[in-house]
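Working notes, structure below.
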Amino acid sequence: GVTIPHQGLLNLVFWHQRAFEVTPSDRATQVAATAFDASVWELWPYLAAGASVYLASPEVLASPAQLRDWLVSEGITISFLPTPLAERILLLDWPENLALRILLTGGDKLHHYPSARLPFEVVNNYGPTENTVVTTSGPVLSGGPASVAPPIGRPIDNTKVYLLDAHLRAVPFGVPGELCISSDSLARGYLNTPELTAEKFIPNPF
């Protein structure tokens, strides 16, 4: 468990509202289990903007086709779906005239690029629990190479990411490294685990 300060949540909320132009007329969804940190992301950016949040029933979530039909019938404008569920629903046919403008996904590696026929934008997101849900975010365009996984986007507001080697030196382009994060959204550390906190939450050498 990590201890998340209010500052981290505020950074997430303000970035989200700006990046996706959230207004009181938006109709969002709460799909993720409450034990999944994404459920926080599904609620606060919308409630703080005066938008509506719709709760999907377990029956709807059990079927990608039913979930698609529910999103359409409820006039949902923006929704987050965990990656495995998003990959299944993106394979379905969609009506052209629907309210949905953005489908957000994250929580696992996205394996496929969306079809050019989809009438809404697909945005991939990445973030370890240590950084208040989202660290990087970006649209996923259709037609990407099958041999390369879709990108995880760029850092959100007030966040920097570094690819470093074991000695905390930046690696050159094309060289694997560990993703390290500097952000206003960082947790304070691991709850009641000071040794692990000291190992992972280190001073920024940059």
Report the accessible area of residue 109, computed with a 1.4 Å probe over the heavy atoms of all protein chains in place, in Å² rounded to the nearest 10. 120 Å²
Rg/Rh for the stretch 95-152, where both radii come from Cα atoms and Rh is the Kirkwood radius: 1.01
Rounded to whole Hz and in sequence order, give me ³J(HN,Hα) for the stretch 195-204 from the Karplus expression 6.51 cos²θ - 1.76 cosθ + 1.60, θ = phi - 60°, writing x for Gly and Pro. 5, 5, 4, 5, 6, 9, 9, 10, x, 7
If you take the alpha carbon radius of gyration of the stretch 102-206 and divide it by 2.2 N^0.38 Å, what ratio comes out, to two decimals? 1.23
Computed over the stretch 1-77, protein heavy atoms only, probe 1.4 angstrom, the accessible area per residue in square angstrom equals 49 Å²
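If we count every other residue with Cβ under 11 angstrom of residue 10's Cβ, Lys/Arg +1 and Asp/Glu -1, where does the sum land?
Values: positive: none; negative: 157, 184.
Residues close to residue 10 contribute a combined charge of -2.
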Quick P(r) readout (the chain; Cα-Cα; 10 Å bins; whole %) gives 8, 32, 35, 19, 6, 0
With all protein chains present and a 1.4 Å probe, how do 44, 15, 70 order by accessible area, largest first? 44, 70, 15
For the stretch 1-77, state which GluC sites (Glu not before Pro) are in a DSSP loop and have at most 12 other beta carbons lying within 10 Å of their beta carbon. 21
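Could you put 152, 181 in order of accessible surface area, largest first, with the 1.4 Å probe and the full protein assembly present?
152, 181
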Could you work out how far the C-alpha centroid of the stretch 31-101 sits from that of the stretch 144-192, in angstrom? 27 Å
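The values are calculated or read from the model by the stated rules, or taken from the named source; none is laboratory data. Keep in mind that what you see is a predicted model, and the values were worked out from it rather than measured. Cβ coordinates were reconstructed from backbone atoms using ideal geometry, including for glycine residues, and neighbour counts include every protein chain displayed. We work out accessible area using only protein heavy atoms, side chains counted, and drop any ligands, DNA or RNA first. Shrake-Rupley method; radii C 1.70, N 1.55, O 1.52, S 1.80 Å.
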